[in-house]
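K.L.:
Just dropping this structure here.
The values are calculated or read from the model by the stated rules, or taken from the named source; none is laboratory data. Everything numeric in this text was worked out from a predicted model, so none of it was measured. Note that we place each Cβ from the backbone using ideal geometry, even for glycine, and neighbour counts take in every protein chain shown. Surface areas here come from the heavy atoms of the whole protein model, side chains and all, with no ligands, DNA or RNA. Shrake-Rupley method; radii C 1.70, N 1.55, O 1.52, S 1.80 Å.
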Amino acid sequence: MLTELSQYPNVVGAKQVRRAIENGTARKVFLAHNADPRLTEPLARLCADKGVETEAVPAMKELGRACGIAVPAAVAAILAG
């Protein structure tokens, strides 16, 4: 689950995740359940359109911690290796 974020190259943040999805380099996208839906829903739709796997995470704080950053994160993606 979230341990994947520490095992593989990843990006954090809406702009970087969107770019990775559009470039075809995102393998899996994590979306924080308590993040603003205006941010996460367009990314979820883009993932569905591009065939990228998504996973819901309960809290932004938990996602940020899994990414190894000291601040909450709304979205993150594992990159194809």
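K.L.:
Hey, can you grab everything whose amide H is under 5 Å from the amide H of Val57? Only 5+ residues off in sequence or another chain; H modelled, so Pro and N-termini drop out.
P.N.:
The answer is Leu31, Ala32, His33.
K.L.:
Taking θ = phi - 60°, what integer Hz values does the Karplus form 6.51 cos²θ - 1.76 cosθ + 1.60 yield along the stretch 72-80, in sequence order, with x for Gly and Pro?
P.N.:
With the stated coefficients, the stretch 72-80 comes to x, 10, 7, 9, 8, 9, 8, 8, 5 Hz.
K.L.:
Which of the trypsin sites (Lys or Arg not before Pro) across the stretch 36-81 are loop residues per DSSP, with 11 or fewer other Cβ within 10 Å?
P.N.:
The qualifying sites: there are none.
K.L.:
Using the Karplus curve 6.51 cos²θ - 1.76 cosθ + 1.60 with θ = phi - 60°, work out ³J(HN,Hα) for each residue of the stretch 46-55 in order, rounded to whole Hz, and write x for Gly and Pro.
P.N.:
Karplus-based 3J(HN,Hα) across the stretch 46-55 equals 4, 4, 4, 5, 8, x, 8, 5, 10, 9 Hz.
K.L.:
Oh, and also: Once you sort the root eigenvalues of the Cα gyration tensor of the stretch 13-74 as a ≥ b ≥ c, which label holds: rounded (a/c under 1.5), prolate (a/b larger than b/c) or oblate (the other case)?
P.N.:
prolate
K.L.:
Tally up the carbon and sulfur contribution to the accessible surface of the chain as a whole percent, 1.4 Å probe, everything protein left in place. Don't jump to the answer; show the numbers that get you there.
P.N.:
Details: 2440 of 4700 Å².
Taking all protein chains in place, the chain shows 52 percent carbon and sulfur surface.
K.L.:
While we're looking at this one, here's another question. To the nearest 20 debye, what is the magnitude of the charge dipole of the chain about its Cα centre, counting +1 on the Cβ of each Lys and Arg and -1 on the Cβ of each Asp and Glu?
P.N.:
Numbers: 10 positive and 8 negative charges, 40 e Å.
Dipole magnitude for the chain comes out near 200 debye.
K.L.:
Follow-up. Going Cα to Cα from Lys50, which lysines come in below 20 Å? Please leave out same-chain ones fewer than 8 positions away.
P.N.:
Lys15, Lys28
K.L.:
Okay, next question. Taking H placed 1.01 Å from N in the peptide plane, check which residues at least 5 places from Cys67 or on another chain put their amide H under 5 Å from its amide H.
P.N.:
Amide H neighbours of Cys67: none.
K.L.:
Return the whole-Å distance between the Cα centroid of the stretch 61-79 and the Cα centroid of the stretch 1-46.
P.N.:
Using only Cα atoms to place each centre, the spacing works out to 10 Å.
K.L.:
Along the positive direction of the dipole of the chain (beta-carbon charges: Lys, Arg +1; Asp, Glu -1; about the Cα centre), which of Leu63, Ala20, Asn34 reaches farthest?
P.N.:
Ala20
K.L.:
Report the label-to-label distance for Arg65 and Glu53 in nanometres (one decimal), using points 7 Å from each Cα along the Cα→Cβ vector.
P.N.:
For Arg65 paired with Glu53, the spin-label model returns 2.4 nm.
K.L.:
With a probe of 1.4 Å, find how much accessible area the chain has per residue, and write the answer as a whole number in Å².
P.N.:
58
K.L.:
Whole-Hz ³J(HN,Hα) for each residue in the stretch 11-24, computed from phi via Karplus 6.51 cos²θ - 1.76 cosθ + 1.60 with θ = phi - 60°, x for glycine and proline: what do you get?
P.N.:
After applying 6.51 cos²θ - 1.76 cosθ + 1.60, I find 10, 10, x, 4, 5, 5, 5, 4, 4, 5, 5, 5, 7, x Hz.
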